[in-house]
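Trainee: Following this message is one structure expressed as structure tokens.
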Amino acid sequence: MAFLSNLDIAVSGMIAERARADVIAQNVANADTTRTANGGPYVRQNVVFTENRTYRSRYADNAGAIEFQTIFGEKLMELRGLAGKNRTQTMKGVLLTKVVEDPTPPTPVYDPTHPDADEDGYYYLPNVDVAEEQIDMLAATQSYTANLTIFNSLKSLANKALTIGKSS
């Protein structure tokens, strides 16, 4: 059943959106952090997604078979019970490439009594806008839900396909 490989697309989308939600939650949690281990204020993080197209050929038992590799692919194969030395997994979908820092400068606030104030009396708030993070979280949640709906539809379709020809 080749259409079952479409489950990988929905699952990779859910994994990516969950990671995006984790980064957004980290941004919100650090919205007031004026001092990090690096000494400055917290810097907002963004995720970068790409299409999962990286692959390598495997010539062991299945000559010419293509195995798609992802960051989460090995773990996903373990969870689905597909881990094996000679297995071929066709992973497709979205891939979380990296997490990057937002280049927006921090907001200066004048308060000479603040413990993080510099010699001019300014301390700096992170470049995190909680309202923007809420909108991003809403978008990530809706995207996750859309992928979950697709996954459940494909799962239902597969179950119905298994009952074709079954006598009553």
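The values are calculated or read from the model by the stated rules, or taken from the named source; none is laboratory data. This is a predicted model, so every value here is computed, not measured. Note: ideal-geometry Cβ built from the backbone for every residue, glycine included; neighbour counts use all protein chains shown.
Trainee: Taking the conditions exactly as written (at pLDDT 90 or above, surrounded by 14 or more Cβ atoms within 10 Å (Cβ to Cβ) and part of a helix (DSSP H, G or I)), does Tyr123 satisfy them or not?
Mentor: no
Trainee: Among the residues of the range 147-160, are any of a type in the set (Ser, Thr, Tyr), farther than 25 Å from Phe49 by Cβ and either surrounded by 14 or more Cβ atoms within 10 Å (Cβ to Cβ) or modelled with pLDDT of 95 or more (or both)?
Mentor: No, because not a single residue in the range 147-160 is of a type in the set (Ser, Thr, Tyr), farther than 25 Å from Phe49 by Cβ and either surrounded by 14 or more Cβ atoms within 10 Å (Cβ to Cβ) or modelled with pLDDT of 95 or more (or both).
Trainee: Kindly indicate which of Arg35, Arg87 is among the charged types (D, E, K, R), in a loop (DSSP other than H, G, I, E, B) and at pLDDT 55 or above.
Mentor: Numbers: Arg87 fails: at pLDDT 55 or above.
Among Arg35, Arg87, only Arg35 is among the charged types (D, E, K, R), in a loop (DSSP other than H, G, I, E, B) and at pLDDT 55 or above.
Trainee: A follow-up question, please. (1) of a type in the set (Ser, Thr, Tyr); (2) surrounded by 14 or more Cβ atoms within 10 Å (Cβ to Cβ); (3) part of a loop (DSSP other than H, G, I, E, B): which one isn't true of Thr113, the others all being true?
Mentor: For Thr113, the exception is condition (2).
Trainee: In the range 134-167, how many are over 13 Å from Asn6 (Cα atoms) and either touching a strand residue (DSSP E or B) at 6+ places or on another chain (Cβ under 6 Å) or among the basic types (Lys, Arg) (or both)?
Mentor: 2
Trainee: Kindly indicate which of Val99, Val48 is in a strand (DSSP E or B), surrounded by fewer than 12 Cβ atoms within 10 Å (Cβ to Cβ) and at pLDDT 90 or above.
Mentor: Val48
Trainee: Which residue pairs have Cβ atoms under 6 Å apart, sit 6 or more places apart or on different chains, and have a first residue in the range 19-39 that is acidic (Asp, Glu) and a second that is in a helix (DSSP H, G or I) and surrounded by 14 or more Cβ atoms within 10 Å (Cβ to Cβ)?
Mentor: none
Trainee: Now for a separate question. Does Asp61 satisfy the criteria of being in a helix (DSSP H, G or I) and at pLDDT below 90?
Mentor: No, not satisfied.
Trainee: Also, I was wondering about something else. I need a count of the residues in the range 109-168 that are of a type in the set (Asp, Glu) and within 18 Å of Arg18 (Cα to Cα).
Mentor: Count: 3.
Trainee: When you go through Pro103, Pro126, Pro108 one by one, which is the residue that is farther than 11 Å from Arg44 by Cβ and of a type outside the set (Val, Ile, Thr)? Steps first, please.
Mentor: Values: Pro103 fails: farther than 11 Å from Arg44 by Cβ; Pro126 fails: farther than 11 Å from Arg44 by Cβ.
None of the other options fit; the residue is Pro108.
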